[in-house]
Amino acid sequence: MKKLSHMDEKGDVRMVDVTDKPVTERITKAEGTIGMKPETIQLLMADDLPKGNVLTTAKLAGIQAAKKTSDLVPLCHPLNVSWVDIEFQVHEESVQILAVAKTKEATGIEMEALTAVSVAALTIYDMCKAVDKTMVISNVMLIEKKGGKSDHSSDYSPKTAVLVLSQSVHEGKSKDISGSILKEGLSAHGCKIEQDEVIPDDSAQLKLVLESLVADGLELVVTSGGTGVGPFDITIETIQPMLTQRLPGVEQALHSYGRSKTVTAMLSRLLAGRIGDTFVICLPGSPGAAKDALAVLMPSFLHVFLMAEGKRH
């Protein structure tokens, strides 16, 4: 039987890189059980065990452990834990432990909640072991997780077009990278890429292509390039007058995330809105901007199509 390992092909262990993930509010709940004799439960409830108040000590131990999770689990990210709480439900032959943990970070807080439950259970075991050798810790598990991208997933698959605005790519002098990143990333989130095209820095041609896409019923058009302040950056000037509705929140989210990584992102012009039933997002042409946009927009932006139909979101 092949031995399983967390090592890669070179035999190294690695943390997951969460640098590009946006910060969101996250909450996780976990539970576990420690079984014991009924007589032990009676002593625990009467606060008559040799080491003192069991549940208060276990609660403090669990909270403290949650804050130290990254010190205990080697590849776990250190998080700014904003809140941890532990409750106990005492039954005839067991104590159920319930833990909740919250944070505003770029990765989940599941391990902190599970660690809180585990250490609280171990503390109860330690404080009761003098009178009960039969105790069993069991069923430590995650019971709820909220926040992050998985909490905002959508089954909607809009008909999508990706337009790259670049004179040099159009003339074959350079290779398109950003458009490929967008097509791959959008497809991974369910968008149906029905058209992709490289357009020169020509306002009239861009307008004709966009009008054609709208007429053909494309639901989402993402453009890459032409959003700077150079003499050939014509994307914003061309598309903005065509919009029937702006989405300033999307623009602000993209700008804010970009500035948190690159100070010069403040010089880029972004645009988001709709032309009739077609939503349009105009992005800078760099590969970094394409990756950032996917990190910010997907999958949350896809809820806009449900909103446009008047459905709950």
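Just so you know, all these numbers are worked out from the coordinates, no wet-lab data involved. Model, not experiment: these values are computed from the prediction. Quick reminder, even Gly has a Cβ in these numbers, built from the backbone with ideal geometry, and neighbours come from all protein chains shown.
Once both axes come from the Cα atoms, what is the angle between helix 203-215 and the longest principal axis of the chain, in degrees from 0 to 90, rounded to 10?
Roughly 60 degrees, rounded to the nearest 10.
Just to be sure I understand: if I project the alpha-carbon convex hull of segment 153-308 onto a plane and average over all orientations, what area do I get in nm²?
Computed as one quarter of the Cα hull surface, the answer is 8.3 nm².
In degrees between 0 and 90, to the nearest 10, how far off the longest principal axis of the chain does helix 178-188 point, with axes built from Cα atoms?
Tilt of helix 178-188: around 50 degrees.
Let's see if you can work this out: charge +1 on each Lys and Arg Cβ, -1 on each Asp and Glu Cβ, no other charges. What is the dipole magnitude of segment 209-292 about its Cα centre, in debye to the nearest 20?
Roughly 400 debye for segment 209-292.
Report for segment 153-308 the percent antiparallel among DSSP-assigned beta bridges with both residues inside it, nearest 5.
Expressed as a percentage, antiparallel bridges in segment 153-308 total about 30.
Positive end of the dipole of segment 246-294, charges at C-beta (+1 Lys, Arg; -1 Asp, Glu), about the Cα centre: which of 293, 272, 260 has its Cα farthest in that direction?
260
Looking at 188, 250, 210, which one has the Cα that reaches farthest to the positive end of the dipole of segment 153-308 (charges on Cβ: Lys, Arg +1; Asp, Glu -1)?
It is 250.
Ordered by residue, what ³J(HN,Hα) values in Hz, to whole numbers, does segment 125-137 give under the Karplus form 6.51 cos²θ - 1.76 cosθ + 1.60, where θ = phi - 60° and Gly and Pro are x?
Here the 3J(HN,Hα) series is 4, 4, 7, 10, 5, 5, 10, 8, 9, 9, 4, 9, 8 Hz.
Treating the angle as unsigned and between 0 and 90°, give the value, to the nearest 10°, between the Cα long axis of helix 287-297 and the longest Cα principal axis of the chain.
60 degrees
Take the alpha-carbon centre of segment 245-276, take the same for segment 61-100, and report the distance between them in whole Å.
38 Å
When the chain is modelled as a GNM with alpha-carbon springs shorter than 10 Å, which of 15, 127, 135 fluctuates the most?
Sorting by GNM fluctuation, first place goes to 15.
How large is the helix-only mean residue ellipticity at 222 nm for the chain, computed as the sum of -39500 (n - 2.57) over DSSP H runs with n ≥ 4, divided by its residue count, in deg cm²/dmol to the nearest 500?
For the chain, the value works out to -10000 deg cm²/dmol.
For the pairs 183/261; 102/133; 59/261; 68/145; 159/207, flag any whose C-alpha to C-alpha distance is greater than 31 Å.
Exceeds cut-off: 102/133; 59/261.
Which cross-chain or sequence-distant (5 or more) residues have an amide H under 5 Å from the amide H of residue 105, H modelled 1.01 Å from N in plane?
Under 5 Å from the amide H of residue 105 lie the amide H atoms of 24, 26, each far enough along the sequence or on another chain.
For the chain, max minus min Cα coordinate along each principal axis, in Å, sorted largest first?
Sorted largest first, the three principal extents are 85, 49, 42 Å.
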